[in-house]
Structures are given as C-alpha cells and as structure tokens.
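Structure, as structure tokens:
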Protein chains: 2
Amino acid sequence: MSNRIITISREFGSGGRTIGRLAAQKLGIACYDQELIDKIAQESGLFKEYVAAHAEDVRSWMDFVSSHDYYGHSVGDKLFSAQTKVIRELAEQESCVIVGRCSDYILGDWDNLLTVFIHASMEKRAERIVNQYGESAQDPVSRLKEKDRKRRAYYQMYTDRRWGAMENYHVALDSGALGIERCAEIVASLY
Amino acid sequence: MSNRIITISREFGSGGRTIGRLAAQKLGIACYDQELIDKIAQESGLFKEYVAAHAEDVRSWMDFVSSHDYYGHSVGDKLFSAQTKVIRELAEQESCVIVGRCSDYILGDWDNLLTVFIHASMEKRAERIVNQYGESAQDPVSRLKEKDRKRRAYYQMYTDRRWGAMENYHVALDSGALGIERCAEIVASLY
C-alpha cells in the first residue's frame, strides 16, 4: 500500500492550515505547508521569497506572460513544475498532510489519498484574518475577495478545473460553522 | 434551544437517503423522506402520486407555465408552498433528519441546523442505481445526467441558489470514496 496522503485545500482565512496541522498532530504524521517553500525554492532555483509570494496565487498576469526562458516556459511554469516534483517526492517518501499548492490535483492519481476542502463564510473569514493574522480591520472583505480571485485563477490556470468544486474533494467542511477543532477531528478520523 | 435539524441534500444515486436513515437511527431521531410525500399531498390537496413525481425535480416546463390558478400560482408553486409549510412544521415539532426537497434552503434561517450534501462520482452512482434500485443497466449515466439536470433546475428555480454549491453546506461528503456507513457516522457525530 502506498503512503496515505491528506491534501487540504482551503479558502484564505478559513483556518485550513491550522486544521491540517492539528489533524497531522493527532495522527503523528508530518504536515507540509510553509516547509514546502524551502523545498520548492531549492528545486526551482528561485528565491524563497519569490516562491512564498507566488506559489499559490496569480500575483500579476505579467508573471505568466513575461520572463519566458529559451523553451517558452514562464517563471510561473517553472515554479509549478518544481512544486509538482516536490509534492510527488514527499508523497513517495512518507504519509503526511499537504496544505494547498494544488496538491489535490498534483496527487489526483495517488491511490491512497484523502482530499479535503475547508471553507467558511466571508464574515467568519474576515473575523479570523483580523484576529489571527493581525490583518488590518479595514475592509478585510475586499482583501479576501482579492485573495479568492487570485487563488481561483492560479488553480484554474494550472489544473483546468474549477477551484472549490465539490466533486474534486472527498470531504468539504465549513470551519466557520463546525469549528477548527471539530474539523481537525473529522479529517483525522477519516485517515 | 430549538430542535436540532439535519438536512441531507444529495445527488441521485449517491446513497444520501440511506445515509440520512442510518444517521437518524444512530441518533434515535426520525428521518423524513418518503413520509414527506403523504404530508405534502395532504397539505396541498394534490394526489400523492403527483407529489411523489414532482416534489423535487422539474419534470416538464409545462408544469410551471400551465395550470395556473386564479391568483396566477402554478401547481408547482402550490406544491413548493405546501412543501415549505410541512418542512417548517416538522422542524418546529421535533429534532429530525430531512432528506431533500430543498429543505436546506427552506430551513436556511433555522438556528440549530446542520446542512449536509452527499455526492459521488458518476461511475459510483451508476453502479449504485443499477445494483440497488434495479435500474436498467442500459445507459445509467444518461439517466443520472437527466436526473441531475432536473433536480438542479428545480432547486435553482425555487431557491435562486446554485445546487450543490459548497458554501451552502456545512459538510459535503463523497459517499463513493468514503462509503455509506462512514458518511452516516460522520453526519451522526456532527449532530
């Protein structure tokens, strides 16, 4: 049997990252999220700061239309290809939780996979980014909408699937209604 | 505290009805599904057979454009209004599981509500309708697509929301991947 992998996809501010960490703790397995940045930077040869800023959403269309190499690959393509390699290597290496970075798509053919999507109402997410991340209380909703838009565009561009479409996930949970801890319990129980 | 209600919305052939029954059994509460038909028929004065055939999907656009009463209400409107009354009365009366019939929307403002959506791949659903309901093995996929289309149209018409959109449900489960029994356990555990 291949390693058991849980991928967590999430709306910004839904607490998906925390749910991934908590579920991994309960299961005694690793959770890859920020750690992916280092690995992707190393693999792609791009600066860590660049990877952190660009690994999951479309910052600017210029990222994609400019900076092509000799073979016509943009920096964005290079990043996605490094991301794919790193995520597949991790899955080969150990059972773990992987947060975001189109991991649900990248591991779509993995035979021992649980795909999770975490969402919450705009109101609950706005509350969370203000309280948890110290984001400015000024217009958090605009910030969330912008983040959603970019993440959706990135996912769509590289996977040709609709971001957050129910059929792509084994389980989708509303963390605002159910609570972070309860969501982590469900995810761990499904392992 | 008001009664605790679980609504189960589901794709045809996903086993949502069975999951509702199993979860209700585990919780020792009632599950309303077929029983709704009698109540809606009684409330609306329409034949039971008509209610059964029309209570959840758009059979024909003629249902909606013809047969208007003096006040301009179609038979479809009359049915939906009876359905709304019956479902709200049930919620007032006891904690229970209610399967389908736009109950997630009808009880949208209920303060002690868990909304569940059950889905599965086309392949798994086709397998299920052939095995469980003795549906013809001939082209079950076309039959499912037709059912999906009608159910979606009905939901959209009466709720003005997108059917199966993640944000409308606290939990969405892929019964094909997780299994019927496991889904029922999760639903019951979230009660």
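The values are calculated or read from the model by the stated rules, or taken from the named source; none is laboratory data. Just so it is clear, the model here is predicted, and its values are computed rather than measured. We place every Cβ from the backbone using ideal geometry, glycine too, and count neighbours over all the protein chains shown.
Surrounded by 20 or more Cβ atoms within 10 Å (Cβ to Cβ), within 27 Å of B:Ser9 (Cβ to Cβ) and either in contact (Cβ under 8 Å) with a residue 40 or more places away in the chain or small (Gly, Ala, Ser) (or both): which single residue out of A:Ser175, A:Ser103 fits that description?
Of A:Ser175, A:Ser103, the one residue that is surrounded by 20 or more Cβ atoms within 10 Å (Cβ to Cβ), within 27 Å of B:Ser9 (Cβ to Cβ) and either in contact (Cβ under 8 Å) with a residue 40 or more places away in the chain or small (Gly, Ala, Ser) (or both) is A:Ser175.
Filter region A:18-53 down to the residues that are of a type in the set (Lys, Arg) and modelled with pLDDT under 95, then identify the one that is farthest from the chain's Cα centre (by Cα).
For region A:18-53, the residue satisfying everything is A:Lys48.
Which residues, counting only those in region A:154-178, are within 9 Å of chain B (Cβ to nearest Cβ) and not in a helix (DSSP H, G or I)?
Across region A:154-178, the qualifying residues are A:Gly164, A:Ala165, A:Tyr169, A:His170, A:Val171, A:Ala172, A:Leu173, A:Asp174.
If I ask for residues that are within 14 Å of another protein chain (Cβ to nearest Cβ) and closer than 30 Å to A:Met122 by Cα, which ones from region B:137-153 would you list?
Across region B:137-153, the qualifying residues are B:Asp148, B:Arg152.
Every residue, every condition in (1) part of a loop (DSSP other than H, G, I, E, B); (2) free of Cβ contacts under 8 Å to residues at least 40 places away in the same chain; (3) aliphatic (A, V, I, L, M), yes or no:
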| residue | (1), (2), (3) |
| --- | --- |
| A:Thr7 | no, no, no |
| A:Phe12 | yes, no, no |
| A:Gly20 | no, no, no |
| A:Leu36 | no, no, yes |
| A:Glu49 | no, yes, no |
| A:Glu56 | yes, no, no |
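Name the residues in region A:115-124 that are within 8 Å of chain B (Cβ to nearest Cβ) and either among the aliphatic types (A, V, I, L, M) or more than 13 Å from the chain's Cα centre (by Cα) (or both), would you?
A:Ser121, the sole residue that qualifies.
Can you say whether A:Gly134 is within 13 Å of chain B (Cβ to nearest Cβ) and without any contact (Cβ under 8 Å) to a residue 12 or more places away in the chain, as far as the supplied structure shows?
No, not satisfied.
For region A:179-191, which positions are surrounded by fewer than 19 Cβ atoms within 10 Å (Cβ to Cβ), in contact with a Leu (Cβ under 9 Å, 6 or more places away or on another chain) and facing chain B (nearest Cβ under 9 Å)?
Passing the criteria: A:Arg182, A:Glu185, A:Leu190.
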